[in-house]
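Trainee: Mind looking over this structure? Questions follow.
The values are calculated or read from the model by the stated rules, or taken from the named source; none is laboratory data. This is a predicted model, so every value here is computed, not measured. Reconstructed Cβ throughout: ideal geometry from the backbone, glycine too, with neighbour counts over all protein chains shown. What goes into the accessible areas is simple: the full protein's heavy atoms, side chains included, and nothing from ligands, DNA or RNA. Shrake-Rupley method; radii C 1.70, N 1.55, O 1.52, S 1.80 Å.
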Amino acid sequence: MMVKIVALLGVFGLGMCFALLGSVSVKLMPRLKIDQGKFGSLISAFMFTSLVASLIMGVVTDQVGYKPVAMFGFVVTAVVIFLLAYAKSYTTTLIACLLLGFGAMALNTAGNTLIPQVLFGGEKPAEASNMGNVFFGLGLFLTPMIVSFLFRKTSYEKAVSALGVIILIPVVFAATATYPESANAFAIGDAVALLAKPAVLLAAFVLFCYIALESSFCNWLPAFGKEVIMNETPDTDETKADASAQNLLSMFAIAMMVGRLVFSALPKVTVFGGYYIAGAALAAGLIILAMTRCKGAKTANLLAAAAGFSFAPCFPTTVGVTFSKFSPELYGSIFGIIFAVGLLGGVIIPKTIGNMAGNSTIQKSLKLLLPACLLLIILAVALGFLK
């Protein structure tokens, strides 16, 4: 039972990591006196080190087991959040974002490779991954909600530090849980050789497209929401606008949780996962198109929720479908590879949106996500055809 708690708290912590920068963006940018382009560089820094760390953590998990990786993830993430809370310069904040990638990927690898083994008796990896990643949505939801509430009650430093305290608590569970065996002396060369497997290659590019979408939403939704609110009612108090804008990320996360619960209960998700992902990507493209033309705060909230629901099955279903084709002893290395390639999308696209917004708006810049939706549809169908 304890190992299930660790697995679920791992993806919960990952949700916190992915929501962190977006949640504090409306306070962090004026605090550091930076624009959207500079903030986009912080996102890219986090995503780049996550890419490197994903490869490392995947192979390390297969070599030394889950316990040290899980404990490392919770502790390092907490330390980084405390650093981010008290950083007063752009350089220190950039260092925090670079280090955050290592904590996040340790939690990601431990949680997402354990979940298919400990839920549903290890027999339904895609369903298990969807069910377990409801907790990713919970972390994504609670993080902006907590800081939005605390920003109105206390200082920036104390508000962000509260998140660091929360992520430290699971260390107790990680230290006492009993884990499945994972060590098999898997080497870096063996891991790279997995890229020759069509399922691994396709899954990697599916995640490239999807993580570009999700990371863009996690980091730019509050800024998008504030633009819509201020355009609709220019005399809105800025503090109130900030709080309302942060709520968009919570709406997105709630809808993602609901969507993953729904998809975990659908029939044969592991078998037909590629087609579920393609349908979700088509819906996401239509929603993003509507967001670029949105003029009201209520509509923005509805579209954020719709996006969360449409995004819901993409990541966990991709992981589950891929895992179903391999032995559990390889899960760590496979996950590290496909997630690392996927993170390239998170390195490139959110930063590009920030750069484009410097001469335009975040709302108009969201159209850059439409090609990723189209490519995701094509790749997901190909993954569905692959036996």
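Trainee: Pick out the one residue from 59, 64, 76, 52 that is modelled with pLDDT of 95 or more and closer than 24 Å to residue 335 by Cα. If you could, list the steps in order and put the result at the bottom.
Mentor: Values: 59 fails: modelled with pLDDT of 95 or more; 64 fails: modelled with pLDDT of 95 or more; 52 fails: modelled with pLDDT of 95 or more.
Being modelled with pLDDT of 95 or more and closer than 24 Å to residue 335 by Cα holds for just one of 59, 64, 76, 52, which is 76.
Trainee: When both residues are 6+ apart or on different chains and their Cβ atoms are under 6 Å apart, which pairs have a first residue that lies in segment 65-88 and is over 14 Å from residue 16 (Cα atoms), and a second that is among the hydrophobic types (A, V, I, L, M, F, W, C) and not in a helix (DSSP H, G or I)?
Mentor: 65/183
Trainee: Cβ-Cβ under 9 Å, sequence separation 6+ or interchain: first residue in segment 357-383 and open to solvent by 60 Å² or more (accessible area, probe 1.4 Å), partner not in a helix (DSSP H, G or I) and not charged (D, E, K, R). Which pairs?
Mentor: Close Cβ pairs (under 9 Å, with a partner that is not in a helix (DSSP H, G or I) and not charged (D, E, K, R)) amount to 364/292; 367/292.
Trainee: Hey, among the residues in segment 86-96 that are of a type outside the set (Lys, Arg) and open to solvent by 10 Å² or more (accessible area, probe 1.4 Å), which one's farthest from the chain's Cα centre (by Cα)? Break it down into steps so the answer makes sense when it comes.
Mentor: At the first step, the residues of segment 86-96 found to be of a type outside the set (Lys, Arg) are 86-87, 89-96.
Subsequent filtering for residues that are open to solvent by 10 Å² or more (accessible area, probe 1.4 Å) retains 86, 89-92, 94-95.
Details: 86: 24, 89: 26, 90: 23, 91: 24, 92: 23, 94: 19, 95: 20 Å.
So, considering only residues that are of a type outside the set (Lys, Arg) and open to solvent by 10 Å² or more (accessible area, probe 1.4 Å), the one farthest from the chain's Cα centre (by Cα) is 89.
Trainee: In segment 227-247, which residues are assigned to a helix (DSSP H, G or I), more than 19 Å from residue 357 (Cα to Cα) and open to solvent by 20 Å² or more (accessible area, probe 1.4 Å)?
Mentor: Within segment 227-247, 238, 239, 240, 244, 247 meet the criteria.
Trainee: Identify the single condition in (1) of a type in the set (D, E, K, R); (2) free of Cβ contacts under 8 Å to residues at least 24 places away in the same chain; (3) surrounded by 24 or more Cβ atoms within 10 Å (Cβ to Cβ) that residue 62 does not satisfy, given that it satisfies every other one.
Mentor: The number of the failed condition is (2).
Trainee: Out of (1) surrounded by fewer than 16 Cβ atoms within 10 Å (Cβ to Cβ); (2) part of a helix (DSSP H, G or I); (3) modelled with pLDDT of 85 or more, the odd one out for residue 329 is which?
Mentor: Condition not satisfied by residue 329: (3).
Trainee: Further, regarding this structure: Going by the conditions given, is residue 1 more than 23 Å from residue 246 (Cα to Cα), open to solvent by 10 Å² or more (accessible area, probe 1.4 Å) and without any contact (Cβ under 8 Å) to a residue 12 or more places away in the chain?
Mentor: On the way: more than 23 Å from residue 246 (Cα to Cα): yes; open to solvent by 10 Å² or more (accessible area, probe 1.4 Å): yes; without any contact (Cβ under 8 Å) to a residue 12 or more places away in the chain: yes.
Criteria met by residue 1.
Trainee: May I pose another question? Which condition from (1) buried (at least 21 other Cβ atoms within 10 Å of the Cβ); (2) within 19 Å of residue 218 (Cβ to Cβ); (3) over 19 Å from the mean Cα position of the chain (by Cα) is the one that residue 81 breaks?
Mentor: Looking at each condition in turn, residue 81 falls short on (3).
Trainee: Considering each residue of segment 292-308, count those that are touching a helix residue (DSSP H, G or I) at 6+ places or on another chain (Cβ under 6 Å) and assigned to a helix (DSSP H, G or I), and give that number.
Mentor: Of the residues in that region, 9 qualify.
Trainee: Can you find a residue in segment 255-273 that is free of Cβ contacts under 8 Å to residues at least 60 places away in the same chain and among the hydroxyl-bearing types (Ser, Thr, Tyr)?
Mentor: no
Trainee: Which pairs have Cβ atoms under 8 Å, sit 6 or more apart or on different chains, and link a residue in segment 158-186 that is surrounded by 13 or more Cβ atoms within 10 Å (Cβ to Cβ) to one that is modelled with pLDDT of 95 or more and not in a helix (DSSP H, G or I)?
Mentor: From residues that are surrounded by 13 or more Cβ atoms within 10 Å (Cβ to Cβ), there are no pairs.
Trainee: Given the condition open to solvent by 40 Å² or more (accessible area, probe 1.4 Å), under 30 Å from residue 38 (Cβ atoms) and not in a helix (DSSP H, G or I), answer yes or no: does some residue in segment 270-291 qualify?
Mentor: no
Trainee: Is it the case that residue 186 is under 30 Å from residue 333 (Cβ atoms), touching a helix residue (DSSP H, G or I) at 6+ places or on another chain (Cβ under 8 Å), modelled with pLDDT of 90 or more and not β-branched (Val, Ile, Thr)? Explain how you work it out, then say what you get.
Mentor: Details: under 30 Å from residue 333 (Cβ atoms): yes; touching a helix residue (DSSP H, G or I) at 6+ places or on another chain (Cβ under 8 Å): yes; modelled with pLDDT of 90 or more: no; not β-branched (Val, Ile, Thr): yes.
When the stated conditions are applied, residue 186 does not pass them.
Trainee: Taking residue 317 as meeting all but one of (1) in contact with a Ser or Thr (Cβ under 8 Å, 6 or more places away or on another chain); (2) over 16 Å from residue 212 (Cα atoms); (3) open to solvent by 30 Å² or more (accessible area, probe 1.4 Å), write down the number of the exception.
Mentor: For residue 317, the exception is condition (3).
Trainee: May I pose another question? When only residues in segment 97-141 that are of a type in the set (A, V, I, L, M, F, W, C) and farther than 21 Å from residue 211 by Cβ count, which is most open to solvent (accessible area, probe 1.4 Å)? Before you say what the answer is, go through the steps one by one.
Mentor: Initial filter on segment 97-141 (of a type in the set (A, V, I, L, M, F, W, C)): 97-100, 102, 104-107, 110, 114-115, 118-120, 126, 128, 131, 134-136, 138, 140-141.
From what is left, the residues that are farther than 21 Å from residue 211 by Cβ are 118-120.
Working: 118: 22, 119: 28, 120: 94 Å².
Residue satisfying both the conditions and the ranking: 120.
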